[in-house]
Amino acid sequence: MVSDVHGNARDLARAGEGADALVCLGDLVLFLDYADHSRGIFPDLFGVENAHRIVALRTARRFEEAREFGARLWAGVDGDRAAVIERAVRKQYAELFAAFPTPTYATYGNVDMPTLWREYAGPGTTVLDGERVEIGGRVFGFVGGGLRTPMRTPYEISDEEYAAKIEAVGEVDVLCTHIPPEVPELVYDTVARRFERGSRALLDAIHRTRPRYALFGHVHQPLVRRMRIGATECVNVGHFAGTGRPWALEW
């Protein structure tokens, strides 16, 4: 089980060793590494100093200034912005999807581009979003993407659309999402020093349907990685880009 891969194809290629299947909870793309500002699409285009600057603005929650700064940088780039980003994402996806073992079950993160996934996913990779699948005799439900934020990452959707996907999944043994339920201890990032967006609909579904596990990522350095909500064990499976280690689910 991995999440927040953010370009770590090297460790991803080994993540499924010894497992019956690999489950990926999204965020394959590395746009900007907040721990190492030299890595990602942004510094490749605009350099490390500009990466330092935009990280500082975002960390200070000066999002409007960050957008204006980014717009000035993009104004100096030849070609359409969306096309430039898509080319860079395609390069990362080609490497990352090739690293997935068979079988892999995956859903999108908030920085992913869902329209490209089915083009790169091989026959051994099953992409799911608002859907269920049986793995090893257990029913897994998958809901991808994130909720809307001032960061405006590529796959943010409305609370209503997200809730509809949660509803479509229904009762499962293992509920797999990119973002966590809306619980302060699970959504607070201790390094970024901010609350990320969690889902109230997901929290309500956990209370209502009582899955054995609720697994997620998104928050890289959470205040709490694991906690129980009623009968459900809620686990942040980890910032795979930083640790290079999968989280193992056994039964």
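The values are calculated or read from the model by the stated rules, or taken from the named source; none is laboratory data. In this text, all values refer to a predicted model and were calculated from it rather than measured experimentally. Please note: Cβ atoms are built from the backbone with ideal geometry, for glycine as well, and neighbour counts cover all protein chains shown. SASA here: full protein model, heavy atoms, side chains in, ligands and nucleic acids out. Shrake-Rupley method; radii C 1.70, N 1.55, O 1.52, S 1.80 Å.
Here is a check on your reading of the model: is LEU223 under 30 Å from LEU57 (Cα atoms), surrounded by fewer than 20 Cβ atoms within 10 Å (Cβ to Cβ), of a type in the set (A, V, I, L, M, F, W, C) and in contact with a strand residue (DSSP E or B) (Cβ under 8 Å, 6 or more places away or on another chain)?
Yes: the conditions hold for LEU223.
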| query | Does VAL111 count as in contact (Cβ under 8 Å) with a residue 40 or more places away in the chain and of a type in the set (A, V, I, L, M)? | reply | yes
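Could you tell me which of the residues VAL5, VAL55, VAL77 is aliphatic (A, V, I, L, M) and modelled with pLDDT of 95 or more?
Answer to the check: VAL5.
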| field | Residue that is in a loop (DSSP other than H, G, I, E, B) and either out of contact with any Cys (no Cβ under 6 Å at 6 or more places or on another chain) or of a type in the set (Val, Ile, Thr) (or both), where the choices are ARG14, ARG10 | value | ARG14
| said: Restricting to the stretch 195-220, and then to whatever is open to solvent by less than 60 Å² (accessible area, probe 1.4 Å) and in a loop (DSSP other than H, G, I, E, B), can you tell me which residue is farthest from TYR108 (Cα to Cα)? | reply: PRO211
| remark: Given (1) part of a loop (DSSP other than H, G, I, E, B); (2) among the acidic types (Asp, Glu); (3) open to solvent by 10 Å² or more (accessible area, probe 1.4 Å), GLU49 misses just (1)
| query | Does the stretch 63-76 include one or more residues that are touching a Ser or Thr at 6+ places or on another chain (Cβ under 8 Å), in a loop (DSSP other than H, G, I, E, B), small (Gly, Ala, Ser) and open to solvent by 10 Å² or more (accessible area, probe 1.4 Å)? | reply | no
| Among the residues listed as LEU28, LEU22, LEU32, LEU12, the single one being closer than 24 Å to ALA121 by Cα and modelled with pLDDT under 95 | LEU32
| note | VAL55: passes all of (1) touching a strand residue (DSSP E or B) at 6+ places or on another chain (Cβ under 9 Å); (2) surrounded by 15 or more Cβ atoms within 10 Å (Cβ to Cβ); (3) part of a helix (DSSP H, G or I) but (1)
| Which members of the stretch 125-146 meet the condition of being within 18 Å of ARG212 (Cβ to Cβ) and either of a type in the set (Ser, Thr, Tyr) or free of Cβ contacts under 8 Å to residues at least 12 places away in the same chain (or both)? | GLU134, GLY137
| query | Quick one: ALA35 ticks every box in (1) surrounded by fewer than 14 Cβ atoms within 10 Å (Cβ to Cβ); (2) within 22 Å of the chain's Cα centre (by Cα); (3) free of Cβ contacts under 8 Å to residues at least 40 places away in the same chain bar one, so which box is it? | reply | (3)
